[in-house]
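To start, the structure under review is shown below, and the notes come after it.
The values are calculated or read from the model by the stated rules, or taken from the named source; none is laboratory data. In this text the structure is predicted, and so the values were computed from the model without any measurement. Here the Cβ positions follow ideal geometry from the backbone for every residue, glycine too, while neighbour counts run over all protein chains shown. When the accessible area is computed, the model is the full protein with side chains, heavy atoms only, and any ligands, DNA or RNA have been set aside. Shrake-Rupley method; radii C 1.70, N 1.55, O 1.52, S 1.80 Å.
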Amino acid sequence: MMDKILEALIISSHSLPVKKGIVKKVVDAAENSVDREQCKAMFHLTTRLILIGEDNFQKQVGHQVLDAYARYHRCEFEEFFNKGFILNLLQQGYGSLDKKDIGIIDYIHMGLKLIMSCPSVLEIFSFMHTEVLRLVCERPEPLLCAKLSELLSDFVHCIPRGKSAVLFCQQLVRTISQFQCNATQEEEIRGFISQVNKVSNLLQSIWKAEPGALLPSLQEVFVIISATDSIFEPSIALASLVQHIPLQMITVLIRSLITDQNVKDASMTCALCRMIDWLSWPLAQHVETWVIALLKGLASVQKFTILIDVTLLKIDQVFQRLWYPIVRPGALVVLSHMLLSFQHSPEAFHLIVPHTIKLVLVLKDEASPASKVFLVQLTELVHCMMYQYSGFPDLYEPILEAIKDLPKPSEEKMKLTLNQSAWTSHSNSLASCLSRLSGKSETGKTGLINLGNTCYMNSVIQALFMATDFRRSVLSLNLNGSRPLMRKLQLLFAFLAHTQRAAYAPQSFFEESRPPWFTPGSQQDCSEYLRFLLDRLHEEEKTCRMVCENSPPTSVGESSAFECGSAGQPEEISSLTESNLARVDGKTLTEKMFGGKLQTTIHCLNCKSTSQKQEAFTDLPLAFPPCLEDMVEAGSTPLFVPAEYGSKMPAACCTAVISDTLHPAPPDVHDLQVEEVGHRSEAEDERLQTFPLPPVNTMDSTRLPIQSDKLVTVHSNKSVDQNDKTKSVPNLINYFLAPEILNGENKYYCENCASLQNAQKVMQVVDEPEYLILTLLRFSYDSKSHVRRKILDDVTLPLILQLPVEKKIPKSLAIGQPLLSDSPENLPKKLKPSGSVNSSDSQSVSYHLCSIVVHSGMSSESGHYYCYARNTGSGSIGQLCYKTDLAGLSSPSYMTDNDNSSSTSVIWHEPNCKEPSKEWFLFNDSRVTFTSFQSVQNITSRFPKDTAYVLFYRKQQEENDAIYPSTVNGLWVNGDPPLQKELMDAITRDNKLYLQEQELNARTRALQASSTCSFRPHSFDDSDPPGSCGPSGGGGGGSGGFNTISRLVF
């Protein structure tokens, strides 16, 4: 009867307060005696209201009345809430209510609380073991699974036992792996996280009660996250389980994983990638600990391919986690480990560099104590990586500007951090993947792919390519099958100028131009390579010329193949063939572009006789004076030469020599005589033992006073004095050309006196090159520590300088005299008396800076080379900045004023001088970017390990006085000459191949995007050269490295 009253009341139109008052009376009436049928009717009504009530009021009434009647009529409720009723709810639902509705679980949960003290509850617990397992196997949604977890947490007797417990945990792990959250509102996301935590907490309680279920559960987790062919991406909700795994199990679990032969690399890669994804799970504890433990474990068994793949694939994603404070600490720990351990290539670090500045600015704006601490940690990491991979100023300068006000770790701390974090063995097998296919950068210039520690070659080639006159001359040559090295260089220049690739692999040219004593894949000196290359080109042209001159024409009116253009070659092009270039004055192209002459004059101080000798050079080796203040107008020290050679060589002997005759000695021996400080290889030592150098006595020299008109002009005619300690190119040239006295053990043997005499030696440039190459001798041998060291002194570079040249040559000099002496005698003593010498006319020849090869590193055994260069037109000086307003150039660091200033002087680049935009380029292997001369000037001050090493200066041409005409019958003006047909065909074929590669690459990426996890094909690493430099990245090595393994130049 009471159930009818309650049902009528609920659907009546009475006000809500009236209804609540009557419901209260119904609840109070539950204390009274009620027959069994009446109770059963009331239980059915309240169950219906709870499960399918139309509104919350009906559901609330159902809960209140059922709770009251079940407490006061327990036996009747026990009879109602029986096994069959519960099974029916779980398996079929209730009316229109589906069996998977959370209302079913809530109702059962409430019923179990009400029947807890009844004997029949044991039977319910028994069949609930099976039902909850079945329910979990059906993969319930997060909310339903959370409700079930609440029920099982309150009634642990419903949880399966023994083997069923193991199966239940595994299925629950599977269920969690399929949880998905599509919510966008914070409240909904919080609700999802709460639901997942309830499920993971249930698993934790089961693992504690059933320890045997833990390991199978973790194995199930690994099976899920390592699947490479799964139809769904496992949910990061699995991260909620990590915090419940005892940390003491890390070692055992990781060891079992990495040593399991059944676990394939692809599966391990997938698993690691997905564990890294777990860093996105809020409030998850110890995820970073497990990730790093697995990374270290893989490194311990040398699974470097997995580590490289995962790092490059996930490093950006890990960095993006740093934007969210809730997951920031764990993400930074993993990011630090990934970057610091990835020491064979800068590729991983450079993936996050573009985003670093914005993150730093955001952290500064947050201004919270936690953000400040985090910013300091991030800054230390960035400094370590820039220290390890110096040599990328265009990338790092904006970052340095953003973090300049934050503390910088000491060099020792950075070295220690890097040394403790490395996992790679420093071998070429660990070189990173090939550069991604992409079009040219906005510069329009082409990079050169590093073939494995070939940055020394790449930087030199780019500097030569940017030497406009030389490039155009090479491209205009008609070689007709002769001169293999020049043909390879011509092809390389053609590709650099016309390929559609962002970077070109110069494999063929490398094989042709590599000096025989250079070991492929090992570090080398770029200046030694440059001298060898230029001398090879010179000798090759001379040999070809001699062969062609000795070969008569095949018929009357025909010229030799050397002199003729190829069939079908336009007349305009063939007019610049190599024979025409040679006819101008008999010089080879190398001599025309880079060849100069030094004259050494020795004046006997006893009989006043004079001897002279001229030698050709392609570069001037500029030594650093032991102490700059000693390089003054009097009392200067001699040219610094390394102690490892056992003697001090005259400055002229240190110059690269181009001989005028074919060498009777074995090839390349003459190159070994011009060895730079600290760069002689073992192969060269063997050659020197077989073909020894002429003996050179130790010099005991002092300098004569330096005449101001013999010095390179800094501004006006002011020479370097004791108060000017600034190291600059003019200082070093002054030191190179400074006169000296030969006395003591180094007295000069005068043939006129027939005895050793004190003498004055003076070196002068008598024939200036079109391109002046200056090599700063930065590598020296420390006799105290017996190690090679690098001179890290910053040297300021003038944008324009003037070189003193003695234009008049003495009559006594034999024009046909060979430039390389074959006599083993001391060079100064070899000079013959010449009697009277014509007076010389000293002139200043202007040069402007066009290229700088920079060495980044701490020693000659390590580091990286890259090149700054700029566009310069043939015979054009329009891009230079001249002194027009001295008042506007006031910086004392760059120029010195003098009242008697000359009309032409060295001008240092200043911000006030309007430099054309996009004039300077930075060539860093495959990477080419725009830069500025200011970056060139500041390179060493910003990056102490990055120092200018080889400088290219171009001779300033008068108007209409270019080396070669910029117009050939009107065919090309102010640009490169049109290519010969065979060159253009080769480039066309390669450009088509490149487009095919792009298409294939696009398809591959599309397939990878559709798969669960993307990997780089391993075959690429086996068949192609690496896209990055060597393992050390210029971060040190040798005496200043991070470990005992020798760092390589990349």
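Annotations for the structure displayed:
- So Ser410, is it touching a Leu at 6+ places or on another chain (Cβ under 8 Å), among the hydroxyl-bearing types (Ser, Thr, Tyr) and over 14 Å from Phe319 (Cβ atoms): no
- Residue selected from the range 914-972 under the condition in contact with a Phe, Trp or Tyr (Cβ under 6 Å, 6 or more places away or on another chain) and hydroxyl-bearing (Ser, Thr, Tyr), by the criterion modelled with the highest pLDDT: Tyr953
- Of the helices (runs of 4 or more DSSP H) lying entirely inside the range 532-650, those containing at least 1 residues that are at negative phi and at pLDDT 60 or above are 589-594.
- Of the numbered criteria (1) surrounded by 18 or more Cβ atoms within 10 Å (Cβ to Cβ); (2) free of Cβ contacts under 8 Å to residues at least 40 places away in the same chain, the one Thr356 fails is (2).
- Checking each residue in the range 317-360 for being among the hydroxyl-bearing types (Ser, Thr, Tyr), under 16 Å from Leu294 (Cα atoms) and out of contact with any Lys or Arg (no Cβ under 9 Å at 6 or more places or on another chain) picks out only Ser336.
- Any hit, the range 388-409, residues being over 26 Å from Arg927 (Cα atoms), touching a residue at least 40 places away in the same chain (Cβ under 8 Å), surrounded by 15 or more Cβ atoms within 10 Å (Cβ to Cβ) and touching a Ser or Thr at 6+ places or on another chain (Cβ under 8 Å): no
- Those residues of the range 756-787 which are touching a Pro at 6+ places or on another chain (Cβ under 6 Å) and outside any strand (DSSP E or B), in sequence order: Leu777
- Selection within the range 73-107 - among the acidic types (Asp, Glu), open to solvent by 80 Å² or more (accessible area, probe 1.4 Å) and not in a helix (DSSP H, G or I): Asp98
- First in the range 65-94 and on the phi > 0 side of the Ramachandran plot, second anywhere and surrounded by 19 or more Cβ atoms within 10 Å (Cβ to Cβ), Cβ under 7 Å, 6 or more apart: Gly93/Ile104
- Residues that are in contact (Cβ under 8 Å) with a residue 60 or more places away in the chain, under 17 Å from Leu993 (Cα atoms) and in a loop (DSSP other than H, G, I, E, B) within the range 492-526 comprise Thr499, Gln500, Ala502, Ala505, listed in sequence order.
- Here Ser280 meets each of (1) surrounded by fewer than 19 Cβ atoms within 10 Å (Cβ to Cβ); (2) among the small types (Gly, Ala, Ser); (3) closer than 21 Å to Val196 by Cα with one exception, condition (1).
- Restricting the range 492-523 to residues that are under 23 Å from the mean Cα position of the chain (by Cα) and modelled with pLDDT of 90 or more, the residue that is most open to solvent (accessible area, probe 1.4 Å) is Gln507.
- For the range 923-948, the set of residues classified as touching a residue at least 60 places away in the same chain (Cβ under 8 Å), small (Gly, Ala, Ser) and within 30 Å of Arg501 (Cα to Cα) consists of Ser926, Ser935, Ala948, listed by residue number.
- Residue match in the range 802-821 (condition: of a type in the set (Asp, Glu), in contact with a Phe, Trp or Tyr (Cβ under 9 Å, 6 or more places away or on another chain) and either buried (at least 20 other Cβ atoms within 10 Å of the Cβ) or at pLDDT below 90 (or both)): no
- Cross-chain or 6+ apart pairs with Cβ under 6 Å, the range 236-262 first and closer than 19 Å to Gln285 by Cα, then open to solvent by 60 Å² or more (accessible area, probe 1.4 Å): Gln243/Gln285
- Filtered residues of the range 468-506 (kept if out of contact with any helix residue (DSSP H, G or I) (no Cβ under 7 Å at 6 or more places or on another chain) and within 25 Å of Met546 (Cα to Cα)): Arg472, Asn480, Gly481, Arg487
- Top-ranked residue of the range 290-317 - restricted to ones that are among the polar types (S, T, N, Q) and modelled with pLDDT of 90 or more, ranked as surrounded by the most Cβ atoms within 10 Å (Cβ to Cβ): Thr311
- Criterion: modelled with pLDDT under 90 and open to solvent by 10 Å² or more (accessible area, probe 1.4 Å) - qualifying residue of Met116, Met110: Met116
- Of the helices (runs of 4 or more DSSP H) contained entirely in the range 137-241, those carrying at least 2 residues that are under 42 Å from the mean Cα position of the chain (by Cα) and not aromatic (Phe, Trp, Tyr) fall at 163-177, 186-209, 214-225.
- Matching entry among Leu479, Leu489 (being under 24 Å from Pro977 (Cβ atoms), open to solvent by less than 30 Å² (accessible area, probe 1.4 Å) and not in a helix (DSSP H, G or I)): Leu479
- Among the residues of the range 318-331, those that are assigned to a helix (DSSP H, G or I) and either open to solvent by 10 Å² or more (accessible area, probe 1.4 Å) or touching a Cys at 6+ places or on another chain (Cβ under 8 Å) (or both) comprise Gln320, Arg321, Trp323, Arg328, Pro329, Gly330.
- Residue under evaluation Thr1012, criteria (1) at pLDDT 60 or above; (2) farther than 22 Å from Tyr504 by Cβ; (3) among the β-branched types (Val, Ile, Thr), criterion not met: (1)
- Qualifying residue in the range 301-311 (condition: closer than 20 Å to Ala348 by Cα, in a helix (DSSP H, G or I), polar (S, T, N, Q) and under 25 Å from the mean Cα position of the chain (by Cα)): yes
- Which numbered condition Ser13 fails, given (1) surrounded by 15 or more Cβ atoms within 10 Å (Cβ to Cβ); (2) out of contact with any Phe, Trp or Tyr (no Cβ under 8 Å at 6 or more places or on another chain): (1)
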